[in-house]
Structures are given as structure tokens and as C-alpha cells.
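Right, one structure below, let's go through it.
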Amino acid sequence: MFVVMARTASEAEILGVKSHILAEGMTPFDHEGSERTVIAVVGEVGPRKQELMSRLSGLPGVEQVTPISRPFKLTSREFHPEDTVIRVLDAVVGDGSLTVMAGPCSVESRDQLMETADAVAAAGATILRGGAFKPRTSPYSFQGLGVEALRYLAEARDRTGLPVITEVMEPNQVDIIAEYADIVQIGTRNMQNYSLLNAVGRVARPVMLKRGYGATIEEWLMAAECIVSAGNPNVILCERGIRTFETFTRNTMDLAAVPVINHLTHLPVIIDPSHATGKRWLVKPLAVGGVAVGADGIMVEVHPHPDDALSDAEQQLDFEGFREMMAAVLPVHEQVRGLYGPGA
Ligand code: PEP
Ligand code: MN
């Protein structure tokens, strides 16, 4: 349930409601909106729900108490009507600007990363991506350079000024990744790895949560709810395609998920047409499509010589391909900017 405080509610009244909730063994999360404070009551309420609702309604400063039908609470628009805006170094995600995360699937060498970082920065990327610890379907495939790659990513950040994002696969990697990277990524295969979600919920870095390839939107938002309720409000969602009966593309990009997410939650949403399609020539049209339906940004894989890449060779763009994609998405973003307000 949400406790909606009156516009005129004092600090002491807000504190009073929060301590009442705590005394009930539940956790209060408050959001100070532009007009009023809303307090989400989180925890297992059970049969005392009606009674608790009426008791909270009677506390000083409370305007109304509303039940929430959806299982996700802190990530919902009802709790937090304004868009969440995430700032990381000079990049801003979710403020209406276009976030462009670009870089290689895997960091393969220092030269490969620096060359790519310079090229994508010059072409307008706002965040540099690169896999250090790689989740590979085959144990015989390249598994990533690990900590060596993290060092190159940090060097590339110093060189370009772009914040860096890289994937974390296990709870015990969170600290080392947070030491080098500015944003931590949870991959599709780990969307419901609850110990990992809890671990990134406690780290002082924004998290990008990719949609599980077999996950519904509600399951995806519940995974985001785990991170936010563990203490980290800075979650970026990433639609990267889901598995369907279609085999022509690597996954099926769920473009409708973008406006659905914008409707249900205040968190920013990014689309990843590289993993969604698995084919280089489909990246530009789907990037354009994602931006047109209201995504806050895109994540694409870029490599100096895609055909020689150690992972995801078929879907990585070369530098020229990246520049062409940017030239296509930027005017579309200008056109649709402001078309979809919060919750639209
Ligand atoms: C990635 O972005 O490096 C990646 C492995 O993507 P996904 O988890 O979407 O497969
Ligand atoms: Mn990849």
C-alpha cells in the first residue's frame, strides 16, 4: 500500500508514519515528489491489511492510503510519477537526452579497446561498453580478459571522459567491478540471480538490468524491484530481445516493451538491437525503431574489425556502421523528443 501524505504534512508527521510502519514489522520507503511525499509500505502484510490501512489513514498528515494491485511498488509510476534521471560522470540517462552506449562485445586487447573508445566517442557515444567477464554459452568460447579488461576500461574512461559499463556475473565480482566501472550490467542470463541482484542493490553504482530472454515484463520489473528495495534506486532497464519461435533473428526484439515500461515504471529504458537481432545489418533499423518508440537510449556493439571479433562477430558494427547508425537515430530522437511524457 502507499501512504499519500498531505501537501502540508510536516517532517514530524512523515517520521511518525514511518515509525508506525516500522513498528508493524514493515519497511517504509518514502519518495518526496514535487508536490507531496508518498510512503510505500513494503513487506508481507497478510490479513491485517484492511485494519492497517485504516489505522494509517488516521495518522496526522496522511491524506489517503491506497492499496497497490501491482507486485512491483518502488519501481512503479504510482509511487514515483516523475522519470528517474541517473547521472554518471558527465552522462545523464533518462532526462530526455539520448544515451548511446557503444563499444566491443568483449575487451580483447588494449589497442582494440582504445581504438574503439576513440572512434565511438568522436561519433557521439555517451557511455563506453566492453565485456570483461563474459557469459558464454560454450565453455570453449573466449571468456573475457577479466581484471586486465577492467584496467583497460578505466584507462579508456580517463582518455575519453566517457563513463564505462561492464557486466558482473557473480556477487563476489561486484566490488572489483565497482572499483573500475561506472555502471554495472546484469546480463540476460542473470536477470533472476537473486544473490547477484541483492549484491548490486548494495553498491554505489547505477545498474543496468537486461531483460531475461524468457522473462515477462512483470518478472523483469520484479528483478528491478529487488535491486531498488535492496537500496540502489539507480536502475536502468535494457530490452535486448526475447526468445520466440522465430529463428531468423538471434532473439525477437520486443519494441512494445519500451512504451509499456515507460507507462509502468519511472526507470529509464535502453534498447540493445545488437543482441536482439544478432545481425549487423539489422542494428540500425532497430536502433531507429527503439528510439522512435521512446527508448532513453541504445546499447550497440562496435569493433574495429567485426569479422575478427572473439565474440559476437556477426552483430558488431564497424566504425563506419556506427557513424551511419548515429546519423539515422539522432534526427529521429529530435523528432520524438517530448512526444512521450512521463507515463505515456
Ligand atoms: C552483453 O551485453 O555483453 C551481453 C552478454 O548481453 P546479453 O546479456 O543481453 O546477452
Ligand atoms: Mn555480445
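The values are calculated or read from the model by the stated rules, or taken from the named source; none is laboratory data. Everything quoted here is computed from the prediction, not taken from an experiment. Backbone-built Cβ (ideal geometry, glycine too); neighbour counts: all protein chains shown. Protein only, heavy atoms only, side chains kept; ligands, DNA and RNA dropped before computing areas. Shrake-Rupley method; radii C 1.70, N 1.55, O 1.52, S 1.80 Å.
Pick out the one residue from E108, E170, E115 that is within 16 Å of ligand 2 (Cβ to nearest atom), at pLDDT 95 or above and open to solvent by 10 Å² or more (accessible area, probe 1.4 Å).
Working: E170 fails: within 16 Å of ligand 2 (Cβ to nearest atom); E115 fails: within 16 Å of ligand 2 (Cβ to nearest atom).
After ruling out the rest, the residue left standing is E108.
Please indicate, with yes or no, whether at least one residue in the stretch 241-257 is touching a residue at least 60 places away in the same chain (Cβ under 8 Å) and open to solvent by 10 Å² or more (accessible area, probe 1.4 Å).
Kept after step one, since they are touching a residue at least 60 places away in the same chain (Cβ under 8 Å), are these residues of the stretch 241-257: 250.
Those still in the list that are open to solvent by 10 Å² or more (accessible area, probe 1.4 Å) too: 250.
Checking the stretch 241-257: at least one residue is touching a residue at least 60 places away in the same chain (Cβ under 8 Å) and open to solvent by 10 Å² or more (accessible area, probe 1.4 Å).
If you take the residues of the stretch 297-324 that are within 23 Å of G214 (Cα to Cα) and charged (D, E, K, R), which of them is farthest from ligand 1 (Cβ to nearest atom)?
Within the stretch 297-324, the match that is farthest from ligand 1 (Cβ to nearest atom) is E314.
Filter the stretch 98-130 for residues that are part of a loop (DSSP other than H, G, I, E, B) and under 19 Å from D182 (Cα atoms); which is nearest to ligand 1 (Cβ to nearest atom)?
Narrowing the stretch 98-130 to residues part of a loop (DSSP other than H, G, I, E, B): 98, 104-105, 107-109, 123-126, 130.
Narrowing the set further to residues that are under 19 Å from D182 (Cα atoms) leaves 98, 104-105, 107, 124-126, 130.
Numbers: L98: 19, P104: 9, C105: 6, V107: 11, G124: 20, A125: 15, T126: 17, G130: 9 Å.
Of everything passing the filter in the stretch 98-130, C105 is nearest to ligand 1 (Cβ to nearest atom).
Is one or more of the residues making up the stretch 43-63 more than 26 Å from the chain's Cα centre (by Cα), part of a strand (DSSP E or B) and in contact (Cβ under 8 Å) with a residue 24 or more places away in the chain?
To start, the set of residues in the stretch 43-63 that are more than 26 Å from the chain's Cα centre (by Cα) comprises 44-63.
Of the ones still in play, those that are also part of a strand (DSSP E or B) are 62-63.
Next cut, in contact (Cβ under 8 Å) with a residue 24 or more places away in the chain only: 62-63.
So far as the stretch 43-63 goes, yes, one or more of its residues are more than 26 Å from the chain's Cα centre (by Cα), part of a strand (DSSP E or B) and in contact (Cβ under 8 Å) with a residue 24 or more places away in the chain.
Can you name the residue in the stretch 208-231 that is surrounded by fewer than 22 Cβ atoms within 10 Å (Cβ to Cβ) and in a loop (DSSP other than H, G, I, E, B) and is also nearest to the chain's Cα centre (by Cα) among such residues?
Per the stated criteria, the residue is G212.
In this structure, is M101 aliphatic (A, V, I, L, M), open to solvent by less than 20 Å² (accessible area, probe 1.4 Å) and within 19 Å of the chain's Cα centre (by Cα)? Spell out how you get there, then give the answer.
Working: aliphatic (A, V, I, L, M): yes; open to solvent by less than 20 Å² (accessible area, probe 1.4 Å): yes; within 19 Å of the chain's Cα centre (by Cα): yes.
For M101, the condition - aliphatic (A, V, I, L, M), open to solvent by less than 20 Å² (accessible area, probe 1.4 Å) and within 19 Å of the chain's Cα centre (by Cα) - is met.
Yes/no matrix, rows are residues, columns are (1) of a type in the set (D, E); (2) assigned to a helix (DSSP H, G or I); (3) without any contact (Cβ under 8 Å) to a residue 40 or more places away in the chain; (4) touching a helix residue (DSSP H, G or I) at 6+ places or on another chain (Cβ under 8 Å):
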{"residue": "W281", "(1), (2), (3), (4)": "no, yes, yes, no"}
{"residue": "A287", "(1), (2), (3), (4)": "no, yes, no, yes"}
{"residue": "P304", "(1), (2), (3), (4)": "no, no, no, yes"}
{"residue": "E320", "(1), (2), (3), (4)": "yes, yes, yes, no"}
{"residue": "M326", "(1), (2), (3), (4)": "no, yes, no, no"}
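With free of Cβ contacts under 8 Å to residues at least 40 places away in the same chain and open to solvent by 30 Å² or more (accessible area, probe 1.4 Å) as the only criterion, which of G16, G25 stands out? Can you show your working first?
Details: G16 fails: free of Cβ contacts under 8 Å to residues at least 40 places away in the same chain.
Unique residue meeting the criteria: G25.
Of the numbered conditions (1) open to solvent by less than 20 Å² (accessible area, probe 1.4 Å); (2) free of Cβ contacts under 8 Å to residues at least 12 places away in the same chain, T37 satisfies every one except a single condition; which is it?
Answer for T37: the failing condition is (2).
Of all residues being in contact with a Gly (Cβ under 6 Å, 6 or more places away or on another chain) and of a type in the set (A, V, I, L, M, F, W, C) in the stretch 121-144, which is surrounded by the most Cβ atoms within 10 Å (Cβ to Cβ)? Just the residue, please. Let's see the steps before the verdict.
Quick first cut of the stretch 121-144, residues in contact with a Gly (Cβ under 6 Å, 6 or more places away or on another chain) only: 128-135, 144.
Pick out the ones that are also of a type in the set (A, V, I, L, M, F, W, C) and you get 128, 132-133.
Values: L128: 29, A132: 26, F133: 21.
Top of the filtered list is L128.
Could you pull out the residue among L264, L237 that is surrounded by 24 or more Cβ atoms within 10 Å (Cβ to Cβ) and either among the basic types (K, R) or away from ligand 2 (no atom under 15 Å from the Cβ) (or both)? So that I can check it myself, show each step before the final result.
Working: L264 fails: surrounded by 24 or more Cβ atoms within 10 Å (Cβ to Cβ).
Going through L264, L237 in turn, just one is surrounded by 24 or more Cβ atoms within 10 Å (Cβ to Cβ) and either among the basic types (K, R) or away from ligand 2 (no atom under 15 Å from the Cβ) (or both): L237.
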